[in-house]
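To start, the structure itself, in structure tokens.
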Amino acid sequence: MSSRIPLDLLRELGRSEGGAEALGLLVDDQRVRRLLALRALLDAVDTARTPTVPRSAAARVAEHWGLLEAADRAGRDATRQVLYYPLLGPWVRRVLRGLAAAVPPPDLLPDLEHLGAVAAAAAARAGLPFTLRLRAANGTLALPTLGAHALPGTDAGHRGPPPDVELTHRGGRLTLRPAAGPPAVLCRRPDGIWESADPAWRPLRPLTGGPRPVLLDDLDPFRTADSGLERHGLKPAEPLGTAERAGWQAAWAGAGPLLERGGPTRALEAGILLDCIVPLAPPPQAGPHAAGPAHCSGTRREAFGAVLSSAPQTPAFLAATLVHELQHAKLSALTELTPLHHDTGTTRHWAPWRPDPRPFDGLLQGTYSHLALADYWQRFALTAENALERHTAWAEHSRCREQVGAALSTLLGSRALTPAGRVLVGAMADRLTRLRERPPPEGYLARASAYVETSRTMWRRQHAR
């Protein structure tokens with residue numbers, strides 16, 4: 001077992017808990033990995049062959065890196081706020097993959113240019129005076145954690161050379177001067193939002209009133225890049241309007257008290273692990289009379305701290321989504337800190353919540369998240385304020401509890417688990433035992449058990465081999 005995580009914290013995480021120390025350990029490790037990945041990007045550019053990264057492009061990378069280092073010296077906390085931003089992860093991974101490819105992808109150089117936007121955002125946050133000329137891919141200049149500016153005369157389908165924009169930061173004012181059109185002046189408000197009178201500038205705004213302010217990011221160009229969402233017919237939401245943003249704000253503010261009712265761990269997870277939410281478009285065929293799901297959500301291993309979600313119907317819906325998705329974030333980070341299994345990834349396991357065969361890691365991830373949901377809904381049921389709330393919570397708890405019980409036997413009997421994995425899964429089993437000490441009213445478990453067994457029967461008929 002890895003010595004990088006104490007045994008008591010590993011058991012704590014296995015029980016679907018995790019105090020500030022355990023969660024902080026995961027966050028610190030992910031942040032170190034981010035800095036190492038950024039350094040690996042710089043090294044890969046230095047060693048890239050000239051056809052892959054021309055000398056002019058390498059010189060621009062060096063210029064942008066120099067500004068980033070200067071920003072870090074001027075204000076480390078402000079700079080790290082940008083460097084640790086979850087959506088930098090997909091960009092770094094994409095660029096590293098492009099630099100390592102035998103045939104570089106056509107968008108490698110525009111992707112590399114994004115380092116300048118990262119440096120500019122960091123320098124502006126750090127209060128560092130600078131002047132920098134950047135190229136706006138697809139006619140939009142996106143500054144991570146700040147917002148995005150659509151250049152005059154361009155749109156998302158812009159073709160041709162990327163237009164240039166000169167950025168100047170002095171005295172807390174960031175001025176964007178495109179080659180054509182008037183400049184846009186950005187001023188930082190006391191609440192940290194960078195606003196402008198120019199309607200072409202769309203600032204990123206935080207959701208407030210919940211466990212902590214988190215950015216609702218519908219602008220970052222890499223927020224769903226290489227995520228595989230399109231394979232499931234999913235896509236990012238279009239930039240949000242005023243009413244849509246107000247809906248997210250109401251759901252976020254209302255989700256905070258609901259997370260508190262689900263136990264201290266749930267609110268603490270949102271407060272420590274979550275940095276941004278990426279809005280997704282509704283799933284295909286979603287709607288009140290459609291057969292498809294009405295909601296979709298997910299996380300990305302390379303975007304630690306981000307949750308992707310379509311618009312929640314209610315605050316309770318968002319709270320349950322965060323409980324579910326943050327378990328995936330926790331377990332993915334823990335897996336990078338200490339391996340939990342050495343399975344080959346063959347898709348052959350039944351998961352009570354999925355119709356398709358799952359790899360061992362997918363089964364472990366799903367069981368872990370449903371265990372936390374079973375705990376959340378049990379606590380919610382025990383503090384329910386009315387009969388409908390109580391009924392919904394007990395029904396959700398019973399379904400999740402029976403699903404976890406059906407899947408845990410496969411995990412406990414697996415030889416693929418590492419010593420750390422056995423400790424984690426053993427703690428999961430202990431937590432399930434504790435949950436069974438507070439059973440729901442009569443009838444709920446019987447219905448949930450029948451649901452799980454029907455799922456098992458249908459899966460066996462379809463995947464008998």
At 7 Å along the Cα-to-beta-carbon direction for both residue 442 and residue 389, put a label point, then send me their distance in nm to one decimal. 2.7 nm
Can you list residues from other chains, or at least 5 along the same chain, whose modelled amide H is less than 5 Å from the amide H of residue 133? 167
Just to confirm my numbers, what's the Cα centroid distance between region 251-267 and region 54-100 in Å? 35 Å
Going highest first, how would you order 371-381, 260-270 by mean Cβ packing within 10 Å? 371-381, 260-270
Alpha-carbon Rg/Rh ratio, for region 315-375, with Rh computed the Kirkwood way: 1.01
Taking amide H positions as placed 1.01 Å from N in the peptide plane, with prolines and chain starts having none, which residues 5 or more places from residue 280, or on another chain, fall under 5 Å of its amide H? 237, 309, 310, 311
Please list the non-local residues whose amide H lies under 5 Å from the amide H of residue 147, H modeled 1.01 Å from N, same-chain partners needing a gap of 5 or more. 204
Would you mind calculating the gained length between residue 4 and residue 131 on full extension (0.36 nm times residue separation, minus the Cα-Cα distance), in nm to one decimal? 41.5 nm
Local net charge near residue 179, Cβ-Cβ under 14 Å (Lys/Arg +1, Asp/Glu -1): +1
What is the distance, in nm, between label points placed 7 Å from the Cα along the Cα-to-Cβ direction at residue 294 and at residue 73? 5.7 nm
Quickly work out the residue 415-to-residue 101 label distance, labels modelled 7 Å from Cα along the C-beta direction, and quote it in nm with one decimal. 4.0 nm
Per residue of region 104-117, in order, report the coupling 6.51 cos²θ - 1.76 cosθ + 1.60 (Karplus, θ = phi - 60°) as ³J(HN,Hα) in whole Hz, putting x for Gly and Pro. x, x, x, 9, 4, 5, x, 5, 4, 4, 5, 4, x, 5
Whenever you get a sec, compute what percent of the accessible area on region 311-465 sits on carbon and sulfur atoms (1.4 Å probe). 51 percent
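Report, to the nearest whole %, how much of the accessible area of region 113-209 belongs to carbon and sulfur atoms, 1.4 Å probe, protein only. Could you put the intermediate results ahead of the total?
On the way: 2180 of 4090 Å².
Answer for region 113-209 is 53 percent, counting heavy atoms of protein chains only.
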Convex hull projection area averaged over all views, the chain, Cα basis, nm²: 24.1 nm²
For residue 266, what charge total do you get from the other residues with a beta carbon under 11 Å from its beta carbon, if Lys and Arg give +1 and Asp and Glu give -1? -2
Given the peptides 450-460, 342-352, arrange them by the average over their residues of other C-beta atoms within 10 Å, most packed first. 342-352, 450-460
Residue by residue, what Karplus-based ³J(HN,Hα) values in Hz, rounded to whole numbers, does region 267-280 have, using 6.51, -1.76 and 1.60 with θ = phi - 60° and x for Gly and Pro? 5, 5, 4, 5, x, 9, 8, 8, 10, 7, 10, 9, x, 10
With r defined as the distance between the Cβ atoms of residue 458 and residue 170 and R0 fixed at 56 Å, what FRET efficiency is calculated, to the nearest 0.05? 0.30
What percentages make up the Cα-Cα pair-distance distribution of region 365-449 when the bins are 5 Å wide from 0? 3, 15, 26, 22, 14, 9, 6, 3, 1, 0
Let me cross-check residue 17: its accessible surface, 1.4 Å probe, with only protein heavy atoms counted, in Å² to the nearest 10? 50 Å²
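Please report the relative contact order for region 192-242, taking Cα pairs under 8 Å with a sequence separation of at least 6, and give it as a percent rounded to a whole number.
Relative contact order comes out at 22 percent.
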Starting from the Cα-Cα distance between residue 56 and residue 235, subtract it from 0.36 nm times their residue separation and give me the gain in nm to one decimal. 61.0 nm
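The values are calculated or read from the model by the stated rules, or taken from the named source; none is laboratory data. These numbers were taken from a predicted model, which means no experiment stands behind them. Neighbour counts run over all protein chains shown; Cβ positions are idealised from the backbone, glycine included. Areas reflect the complete protein model, heavy atoms only, side chains present, ligands, DNA and RNA absent. Shrake-Rupley method; radii C 1.70, N 1.55, O 1.52, S 1.80 Å.
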